[in-house]
1. Of the heavy-atom accessible surface of segment 1-109 (probe 1.4 angstrom), what whole percent is carbon and sulfur?
2. At 1.4 Å probe radius, can you tell me the per residue accessible area of segment 1-108 in Å²?
3. So how do 14-23, 51-60, 83-92 stack up, highest first, on mean other-Cβ count within 10 Å?
4. Using the charge dipole of segment 1-112 (Lys, Arg: +1 at Cβ; Asp, Glu: -1 at Cβ; taken about the Cα centre), state which of L89, N53, A72 has its Cα farthest towards the positive end.
5. Report, in listed order, any pair from K62/K100; K62/K110; K60/K93; K31/K94; K62/K94 with a Cα-Cα distance greater than 28 Å.
Amino acid sequence: MAERPEDLNLPNAVITRIIKEALPDGVNVSKEARRAISQAASVFVLYATSCANNFAMKAKRKTLNAGDVMSAMEEMEFERFLQPLREALEAYKKGQKGKKEASEQKRKDKEKKSSSTDENDKSRDEEEDEHMDDEQEGENEGEEEDVEN
C-alpha cells in the first residue's frame, strides 16, 4: 500500500493526455483543475478496485477479474459505462491475441529457419564427407600401385 496519498495519484502526463482527448481543441485546463481531476481519478480507481475486490472475495478468489470490475461498475451505478468498457476489453483481448499469434508465428519461422539451416549444414557436411572419402580412395589406389611396383 502507498505510504503517502500523493503516491496514489496517476501520472500528470497521463491525466493531461486524457483531458486533452476528452475536450475540444482550444479548451484550456488550469493546473488546479488537472490536479483535482487527477485526485478524483485516483479515488475512483481505489473505489472501483475495492468494490471489485469485494466480488472476488465473495467468490473466494484472491485475483480480481474483468467480471468483478463489471459487477463493481454496476454496484457503483455506472451501468452506462459497461458497454464501452466491454468493447474496450474485447478490443484489448483481440490485440493481445494478435500479438500472441504474431509471436508464435515468429517463433515458428525462427525454428523453421533454424532447422532448415541445420538441414543445409547436414547435407553440406555429408557432401564434404563423401568428397573426402572419394579423395582418400583415390590416394589409397595410388598407394596400392606404388606397392605393386
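1. Here carbon and sulfur together make up 56 percent of the probe-accessible area.
2. 81 Å²
3. Top of the packing list down: 51-60, 14-23, 83-92.
4. L89
5. K62/K110; K31/K94
The values are calculated or read from the model by the stated rules, or taken from the named source; none is laboratory data. Source: prediction; values computed, not measured. Cβ atoms come from the backbone with ideal geometry, glycine included; neighbour counts cover every protein chain shown. Accessible surface is based on the protein model in full, side chains and every heavy atom, while ligands, DNA and RNA are left aside. Shrake-Rupley method; radii C 1.70, N 1.55, O 1.52, S 1.80 Å.
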